[in-house]
1. Checking the structure you have, find out if any residue of segment 34-41 is surrounded by 14 or more Cβ atoms within 10 Å (Cβ to Cβ), modelled with pLDDT under 85 and over 30 Å from THR170 (Cα atoms).
2. Across segment 352-369, what is the number of residues that are within 20 Å of the chain's Cα centre (by Cα) and among the small types (Gly, Ala, Ser)?
3. List the residue pairs whose Cβ atoms are under 6 Å apart, where the first residue sits in segment 303-331 and is surrounded by 14 or more Cβ atoms within 10 Å (Cβ to Cβ), the second is among the hydroxyl-bearing types (Ser, Thr, Tyr), and the two are 6 or more positions apart or on different chains.
4. If the requirement is being part of a helix (DSSP H, G or I), in the same structural domain as PRO184 (by TED's automatic domain parsing), buried (at least 22 other Cβ atoms within 10 Å of the Cβ) and not acidic (Asp, Glu), which of these qualifies: ARG114, ARG109?
5. Cβ contacts < 8 Å: first residue among the β-branched types (Val, Ile, Thr), restricted to segment 101-112; second residue assigned to a helix (DSSP H, G or I), any location; separation 6+ or different chain. Result?
6. Residue check: is LYS285 assigned to a loop (DSSP other than H, G, I, E, B) and either free of Cβ contacts under 8 Å to residues at least 40 places away in the same chain or crowded, with 17+ Cβ neighbours inside 10 Å (or both)?
7. Within segment 284-303, is there a residue that is within 18 Å of GLY134 (Cα to Cα) and either of a type in the set (S, T, N, Q) or within 20 Å of the chain's Cα centre (by Cα) (or both)?
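The values are calculated or read from the model by the stated rules, or taken from the named source; none is laboratory data. For clarity, every value in this text was computed on a predicted model and none was experimentally measured. In this analysis, Cβ positions are derived from the backbone assuming ideal geometry, glycine residues included, and neighbour counts consider all displayed protein chains.
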Amino acid sequence: MSNPVETVEKIAPHATSAVYKTMAMNLGPQHPATHGTLRFKLEIAGEVVVKCDPEIGFLHTGFEKLGEYRNYNQFVVISDRANYLSPLNNNIGFAVACEELFDVKVPPRGQYVRVIMAELSRIADHIISVGLQGMDLGAFTTMLWSFIEREKLYDIFEAVTGARLTTSWTRIGGIFKDVPKDFPEIVRGFIEKFPDMLGEIEYMLSRNRIFMDRTIGVGKLTREQAIAYGVSGPVLRATGVAYDVRRARPYLCYNDFDFKIPVRFEGDVYARYLVRLAEMKESVKIIKQALDKLPGGPVSALDHKVTLPTKDMVYHDMESLIHHFKIMMPGHGVIPPKGEVYSCTETPNGELGFYLVSDGTGLPYRVRIRPPSFYQLQTFPIQSEGKMFSDAVAVLSSLNVIAGELDR
């Protein structure tokens, strides 16, 4: 950044350096307007942000290093903790990467169930993002509504996985058990009523004069800037780039479904809000199609040299017990071929990538995560410098940064 005084003069030509002096200010790491444990070292002149220096690392847990000391199935538990607003998408993303490395094919039913759960998780993440975006700008009611909808989804997640937040649901080659018999009914019960609630949130915010004034034209990011910074997800699509991993690099059975990639061209905070609303509607469409086409059969690959047998089989079948023992015991386990793979999936925040390196042992030689939040946060200074301090809060809210992804 150039001389702070010169910056202020450009922002406010009527001001002089004798009147405006800059001041150092901390935003975070425990400020109520920051999403997670983030710190921004700000230099402000009056209410204008002259310089912004993001600092991450307050939530560092060493996920990638831990991956070198756990077998592939054990890392599923760690993947939950990276983005704790959409752990199911993390579980699925890591499992897809392992299956590409192992050359394992998930049966059709397992793929369909994964897609349904991934889209439900996308809705859970987006609805909270929209609700908190409203709350950060003073619209408290929408936040309460969004939490109610997420609780309904957590009930579904609990029925399927046994947990509400840290699900640890997938296994290499499939999932740890089939969904309950009433799964289609409880999911349909949610998606039939959810669009009405989404309409209520739109009615509260989309034409709300205060919300519009706080978001339209704020935090603008150009198409070129977004591509240069490696941004993905709703933040990228709000700049006019129709990039979605589900279309660009199809995985699971996404090719079986008809859905659109919502795109806006304004590149501002309001555009990101609109993209998330549209994506939730598309997720509902995908879920309906998946339920209508949901096949029967197994949910996991039948090769129990690689895929863990179900608990019921382990308890009642000696051969399954042996397979479970050999897969999980140190020194035995699944031995993938030597090699490396980069695999990515479309999570609510954008492209989540896993780079896995195998040395032919039961433990990965290297696990590298490409988290979308890390790339989104890089754009925060260019969106907030030269703008009002209150605009910085609106920008940060629209990025939906999750600190667990940053400090992996």
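1. Scanning segment 34-41, I find at least one residue that is surrounded by 14 or more Cβ atoms within 10 Å (Cβ to Cβ), modelled with pLDDT under 85 and over 30 Å from THR170 (Cα atoms), so the answer is yes.
2. 1
3. Close Cβ pairs (under 6 Å, with a partner that is among the hydroxyl-bearing types (Ser, Thr, Tyr)) amount to THR307/SER300; PRO309/SER320; MET313/SER320; VAL314/SER320.
4. Just one listed residue meets the conditions, ARG114.
5. Filtered contacts from segment 101-112: VAL104/CYS98; VAL106/GLU99; VAL106/ARG114.
6. Spelling it out, it is not the case that LYS285 is assigned to a loop (DSSP other than H, G, I, E, B) and either free of Cβ contacts under 8 Å to residues at least 40 places away in the same chain or crowded, with 17+ Cβ neighbours inside 10 Å (or both).
7. No: segment 284-303 contains no residue that is within 18 Å of GLY134 (Cα to Cα) and either of a type in the set (S, T, N, Q) or within 20 Å of the chain's Cα centre (by Cα) (or both).
The rows are residues; the columns are (1) out of contact with any helix residue (DSSP H, G or I) (no Cβ under 9 Å at 6 or more places or on another chain); (2) within 23 Å of THR61 (Cβ to Cβ); (3) part of a loop (DSSP other than H, G, I, E, B); (4) not assigned by TED's automatic domain parsing to the domain that holds TYR270.
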residue: LYS326; (1), (2), (3), (4): yes, no, no, yes
residue: HIS332; (1), (2), (3), (4): no, no, yes, yes
residue: TYR342; (1), (2), (3), (4): no, yes, no, no
residue: GLN376; (1), (2), (3), (4): no, yes, no, no
residue: GLY386; (1), (2), (3), (4): no, no, yes, no
